[in-house]
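FYI, it's all coordinate maths here, none of it is from the lab. In this text, all values refer to a predicted model and were calculated from it rather than measured experimentally. So basically every Cβ, Gly included, is an ideal-geometry build from the backbone, and we count neighbours across all protein chains shown.
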Amino acid sequence: MKILVIGATGRTGKHVLAQGAARGHEITAFARRPELLTDRGGLAGVIAGDAHDLATMRAAVQGQDAVISAVGGSGIARTLITAMREAGVRRVVMTSSRSVPATRPRLAVTLAWLFFRAAYVDLARAEGMLQVSGLDYTIARATMLNDKPPAGRVHIDFADNATGGAAQLARADYAMALLDAAEDPALAGRAMGICGPK
Ligand SMILES: NC(=O)c1ccc[n+]([C@@H]2O[C@H](COP(=O)([O-])OP(=O)(O)OC[C@H]3O[C@@H](n4cnc5c(N)ncnc54)[C@H](OP(=O)(O)O)[C@@H]3O)[C@@H](O)[C@H]2O)c1
């Protein structure tokens, strides 16, 4: 597949680039600071720009089979949805947080919302935009991310609260789940929760 990766220099995004290329996909990296992409060997292309800029996004999505946004947010969702609709690109996977819909564990969720309220409100807005976009979206709600080595497995569910798995998720495993989702048409129109494996 031809896949555009937004947030390509991020801690999750860089794993999506490497794993996507290793899977044989034609990966185009979209980054505000492309100079951080030191190893471009496996990439089909690099596009420099801010994902809030509609003109850049319009050019970036042309000819892609799918978009993985390894960064969440309503500003990015807005330009991305517009550009994808215009270009007829339908498949999009966007990161979000498990905390957006979660109500349990009550103390942890309350504290998380206390500290990250603005971010979660914006992710909720982005999720809503995707859900009414008409695109083949998958919302990938991660639990707490870390940079530990990958386990090669994740716990996935489709409930508001986690049904199992670990509270910590390696970014490399998150990237694997984002690519798995982009490859799986059955996940279109769904929001999934992703935890670490138990
Ligand atoms: N961190 C967590 O524990 C956690 C938990 C649950 C879910 N999530 C989700 O997972 C995502 C990835 O997390 P992460 O920790 O891997 O992220 P990260 O390391 O902070 O990377 C975010 C990337 O997005 C890029 N970016 C931000 N705004 C952009 C814009 N307007 N245009 C183009 N690029 C832009 C950043 O570029 P610059 O370098 O230029 O800033 C950076 O490369 C989060 O966005 C969130 O949706 C995170």
Output for the chain (equivalent-ellipsoid semi-axes, sqrt of 5λ from the C-alpha gyration tensor, Å, descending) is 25, 19, 15
Taking the beta-carbon count within 10 Å as an exposure proxy, list LYS14, LYS2, LYS198, LYS148 from fewest neighbours to most. LYS198, LYS148, LYS2, LYS14
Only residues of the stretch 8-36 count here: report those whose backbone N is under 16 Å from the spot 7 Å along Cα→Cβ of ASP50, or say none. 31-34
Give me the one-decimal nm value for the distance between modelled label points at ALA188 and ARG32, 7 Å along each residue's Cα-to-Cβ direction. 3.2 nm
Could you tally the net charge around ASP50, taking each other residue with its Cβ under 12 Å from the Cβ of ASP50, Lys/Arg +1 and Asp/Glu -1? +1
Starting from the Cα of ALA159, step 7 Å along the direction of its Cβ; do the same at ASN146; then give the gap between the two resulting points in nm. 2.4 nm
Under 5 Å from the placed amide H of VAL93, counting only residues 5+ away or on other chains, we find VAL67, ILE68, SER69, THR138
Taking the mean number of other Cβ atoms within 10 Å as a proxy for protection, how do you rank 188-197, 160-169 from highest to lowest? 188-197, 160-169
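Taking the Cβ of GLY7 as the centre, find all other residues whose Cβ is under 15 Å away and add up their charges (Lys, Arg: +1; Asp, Glu: -1).
So the surrounding residues net to +2.
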Who wins for biggest fluctuation among ASP136, ASP173, ASP39 in a Gaussian network model of the chain, springs between alpha carbons below 10 Å? ASP39
Using a cut-off of 15 Å between beta-carbons, work out the net charge of the residues near PRO101 (Lys and Arg +1, Asp and Glu -1, PRO101 not included). +3
If we count other beta carbons within 10 Å of each Cβ, what is the order of SER99, SER69, fewest first? SER99, SER69
Can you give me the C-alpha center-to-center distance between the stretch 105-125 and the stretch 24-55, rounded to a whole angstrom? 30 Å
Which of LEU36, LEU179, LEU135 ends up with the largest GNM mean-square fluctuation for the chain, with Cα atoms connected below 10 Å? LEU36
